[in-house]
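Below is one structure, written out as structure tokens; the observations come after it.
Read-outs throughout are calculated quantities, based only on the coordinates presented, and are distinct from any laboratory measurement. Remember, predicted model here, so these are calculated numbers, not experimental data. Cβ sites come from the backbone with ideal geometry, for glycine too, and all protein chains shown count toward neighbours.
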Amino acid sequence: GVDYYNDSKATNVGSVVGGLAGFERPVVLIAGGKDKGGDYRPLAEAVSAHCRHVVLLGAAAELIAAALDDDTAVSRATTMDQAVAQARQAAQLGDAVVLAPACSSYDMYENYARRGDDFARAVNAL
């Protein structure tokens, strides 16, 4: 099957890059949220090395998309339910779907914990 990981607390690029490096299987990454003024370019190499697909969500979606390599498979979602559904569709047997936003949650959620709870709810609803 596909395993789902809630790393909603990964609110900066360094946390996401480090987290992706820990996976020895392809990842479908759900990222995005409120931009914190960070540089998303370091994500490009980690995403190219570890991710099959990236689902972008929230206010920073276009900033993140612009930083990724052109050959990266990217889709966009407007809700967590959409993001999880797109991630499930992109994932293949044995993959990991990881919520690791690289952004704050404040564009859509009260805090990172609420964003993580919404991810868990959406996954459980699959």
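General observations
- Test for residue 87: is it among the aliphatic types (A, V, I, L, M), out of contact with any Lys or Arg (no Cβ under 7 Å at 6 or more places or on another chain), closer than 21 Å to residue 17 by Cβ and in a helix (DSSP H, G or I): yes
- Where residue 86 falls short, out of the listed (1) within 19 Å of residue 118 (Cα to Cα); (2) of a type in the set (S, T, N, Q); (3) touching a helix residue (DSSP H, G or I) at 6+ places or on another chain (Cβ under 9 Å): (3)
- Of all the listed residues (58, 1, 38), the sole one being touching a residue at least 40 places away in the same chain (Cβ under 8 Å), farther than 27 Å from residue 124 by Cβ and out of contact with any Pro (no Cβ under 7 Å at 6 or more places or on another chain) is 38.
- Annotation: of all residues in the range 22-35 being touching a residue at least 12 places away in the same chain (Cβ under 8 Å) and among the charged types (D, E, K, R), the one that is nearest to residue 115 (Cα to Cα) is 34.
- Subset of the range 7-46 that is of a type in the set (D, E, K, R) and touching a strand residue (DSSP E or B) at 6+ places or on another chain (Cβ under 9 Å) - its residue that is nearest to residue 73 (Cα to Cα): 25
- Residue in the range 56-83 that is surrounded by the fewest Cβ atoms within 10 Å (Cβ to Cβ), counting only those that are hydrophobic (A, V, I, L, M, F, W, C) and under 14 Å from residue 108 (Cβ atoms): 59
- Contacts under 6 angstrom Cβ, first residue in the range 4-21 being part of a loop (DSSP other than H, G, I, E, B), partner among the basic types (Lys, Arg), 6 or more apart: 8/115
- In this structure, residue 96 does satisfy being under 22 Å from residue 125 (Cβ atoms) and either in contact (Cβ under 8 Å) with a residue 60 or more places away in the chain or not aliphatic (A, V, I, L, M) (or both).
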